[in-house]
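These notes concern the structure reproduced below.
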Amino acid sequence: MENKVLCGCHNVTLKDVQEQIKQGITEFEALQKITNIGTDCPPCKEQNERLFIILLDEEANNTF
């Protein structure tokens, strides 16, 4: 599941996003600057921004 591609345009995986969160990224805009996730496709941005919030919460609760 970690290798699930979240952003096909820039080949960003779930694991990539989780690693960035572990590195201290707490804002979606910062994640976009690092990975380019959701920078070319508005539906991708909306979907992955919602997922990012969920993953931040999971990391805060140490569940991933």
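The values are calculated or read from the model by the stated rules, or taken from the named source; none is laboratory data. Just so we're clear, the structure is a prediction, and the values are computed from it rather than from any experiment. Cβ placement follows ideal geometry from the backbone for every residue including glycine, while neighbour counts extend to all protein chains displayed. For the accessible areas, the whole protein counts, side chains as well, though only heavy atoms, and no ligand, DNA or RNA atoms are used. Shrake-Rupley method; radii C 1.70, N 1.55, O 1.52, S 1.80 Å.
Inside the stretch 6-54, residues that are in contact with a strand residue (DSSP E or B) (Cβ under 8 Å, 6 or more places away or on another chain) and among the β-branched types (Val, Ile, Thr) make up a count of 5. Where helices (runs of 4 or more DSSP H) fall wholly inside the chain, the ranges with 1 or more residues that are open to solvent by 60 Å² or more (accessible area, probe 1.4 Å), at pLDDT below 95 and not hydroxyl-bearing (Ser, Thr, Tyr) are 42-60.
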